[in-house]
Amino acid sequence: MADVDDVRRLALALPHVAEIESDGFDFRVADKGFVWSYPERRPGKPRLIRTDIAVLYVGDEAEKQALLLGEPEVFFTTPGYGGWPLVMLRLTEVDVERLKELITDAWRMRAPDTLGGDLDESDDAVVRRSGLGTLY
């Protein structure tokens, strides 16, 4: 089960990420959001910032629908997000490894191509520090 601390740690481990001041969490690369806390809108009440739910950039409608249909217990959307390539992720329904994959994919889709190599370099550094090396 993942939580807000996992989101923060994983997002900040990616290259060129900035955390924007908010009531929850809001991470950007090249001024483009890729993961942030869900601002739940409730009729007649102030919006509630939900740090147990992350909004993820998914790139396109096909990916969005695949996630929503394939894992409805994990992902959802609301009418206010119709037409946007975004899904809401229930953090309690994913483990940290899956969360890392989702956040990294969102980062890759939002980062300019010129920054993509920086992610690969940071991955290589993690492998070198871990002593795992390359397996062939």
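Computed from the coordinates by the stated procedures, all read-outs in this text should not be read as laboratory data. In this text, all values refer to a predicted model and were calculated from it rather than measured experimentally. Here the Cβ positions follow ideal geometry from the backbone for every residue, glycine too, while neighbour counts run over all protein chains shown.
Here r is the Cβ-Cβ distance between R42 and T92 and R0 is 22 Å; the resulting FRET efficiency, rounded to 0.05, is 0.65.
Sorted ascending by nearby beta carbons within 10 Å, beginning with the fewest, W107, W84 become W84, W107.
Within 13 Å, Cβ to Cβ, of G59, how many net charges do the neighbouring residues add up to if Lys/Arg are +1 and Asp/Glu are -1?
Details: positive: K32, K64, R108, R110; negative: D60, E61, E63, D105.
Local charge sum for G59: 0.
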